[in-house]
Amino acid sequence: MLLDLLLPLHCAVCARVGAALCAACRALLVRVVPPLCARCGAPGAWPVQRCGECAGRRLAFASARSAVVYDATARTVVSAWKERGQRRLAGEAAAIVADVVPRPDVAALAFVPADGERTLIRGHRPAEALARALAGRWQLPAEPLVRRVRTVERQRGLGLEERRRNVAGVFAPARASPRAVCLVDDVYTSGATTAAAASALRKGGARRVDVVTFARAVR
């Protein structure tokens, strides 16, 4: 494309010309591999049904799985993708997710809807772009099944309880959901946002919600 000739791609991490994410920097991303918590997908020393991170919490999703650890390299990728407009990184992220996370046994993919004000600033919707890229790889439809009903304070810098209160009631069903749905988002931090969106899917008719994200914070 002419645009690629005029503005050649640079790696989001090392700035090397040639790709949105070069092979060397892709290899630096730490994959989330077993043993994992069966519920929230946190890696650990051994497999457990519930870990210290999700034990005692009411979660609307059945399982959560992520492709990479949200470390410094992954943060650089996500920042370039979400905040600096490097939209091709959605396809790179989808390729990594599809390589690490098994295809979910669901009827459709949903995605955490973007905040309207942030969409105006960014000019794109990262979670939706990831879901649609994954839909192509997994041969599943990606559908807008969740809607936002209000704007909330950014989650960054908030504690766990504050995050839960911040997103309480922020999502609602946008339409009827299939019985089994996979909810896609870019990053799983505390699980508060994905749990709130999963709850909206269940209110819309879903009986099982699985969560898939590109990156995951590991404590």
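Total residues in region 21-33 satisfying the condition of being within 17 Å of residue 215 (Cα to Cα) and surrounded by 11 or more Cβ atoms within 10 Å (Cβ to Cβ): the figure is 8.
Looking only at residues in region 57-72 that are crowded, with 22+ Cβ neighbours inside 10 Å and among the small types (Gly, Ala, Ser), the one that is nearest to the chain's Cα centre (by Cα) is 66.
Out of 39, 75, one residue alone is assigned to a helix (DSSP H, G or I), within 17 Å of the chain's Cα centre (by Cα) and not hydroxyl-bearing (Ser, Thr, Tyr). It is 75.
When residue 91 is tested against (1) over 22 Å from residue 216 (Cα atoms); (2) not in a loop (DSSP other than H, G, I, E, B), exactly one condition is not met: (1). Yes or no: residue 99 among the acidic types (Asp, Glu) and either in a helix (DSSP H, G or I) or over 26 Å from residue 171 (Cβ atoms) (or both)? Against the criterion (among the acidic types (Asp, Glu) and either in a helix (DSSP H, G or I) or over 26 Å from residue 171 (Cβ atoms) (or both)), residue 99 qualifies. Could you check region 117-219 for strands (runs of 3 or more DSSP E) lying wholly inside it with 3 or more residues that are modelled with pLDDT of 85 or more and crowded, with 18+ Cβ neighbours inside 10 Å? Fully inside region 117-219 and qualifying: 180-188, 208-216. Being among the β-branched types (Val, Ile, Thr) and in a loop (DSSP other than H, G, I, E, B) is a condition met by no residue of region 14-23.
Of the residues 42, 72, 24, 12, the single one that is under 30 Å from residue 200 (Cβ atoms) and aliphatic (A, V, I, L, M) is 42.
Take the conditions (1) over 21 Å from the mean Cα position of the chain (by Cα); (2) in a loop (DSSP other than H, G, I, E, B); residue 54 misses just one of them, which is (1).
Listed here are the residues, each with its yes/no results for (1) of a type in the set (A, V, I, L, M); (2) more than 30 Å from residue 117 (Cβ to Cβ).
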| position | (1), (2) |
| --- | --- |
| 28 | yes, yes |
| 44 | no, yes |
| 56 | no, yes |
| 78 | yes, no |
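Taking residues in region 30-52 that are aromatic (Phe, Trp, Tyr), and partners anywhere that are modelled with pLDDT of 95 or more, the pairs with Cβ atoms closer than 6 Å and at least 6 places apart or on different chains are 46/35. Quick check: anything in region 92-101 in contact with a Cys (Cβ under 9 Å, 6 or more places away or on another chain) and modelled with pLDDT of 95 or more? Looking for residues that are in contact with a Cys (Cβ under 9 Å, 6 or more places away or on another chain) and modelled with pLDDT of 95 or more, one finds none in region 92-101, hence no. For region 24-36, a residue qualifies if it is in contact with a Pro (Cβ under 9 Å, 6 or more places away or on another chain) and either over 22 Å from residue 75 (Cα atoms) or part of a loop (DSSP other than H, G, I, E, B) (or both), and the qualifying residues are 32, 33, 34, 35.
The values are calculated or read from the model by the stated rules, or taken from the named source; none is laboratory data. If you're wondering where the values come from, they're calculated on a predicted model, not measured in any experiment. Quick reminder, even Gly has a Cβ in these numbers, built from the backbone with ideal geometry, and neighbours come from all protein chains shown.
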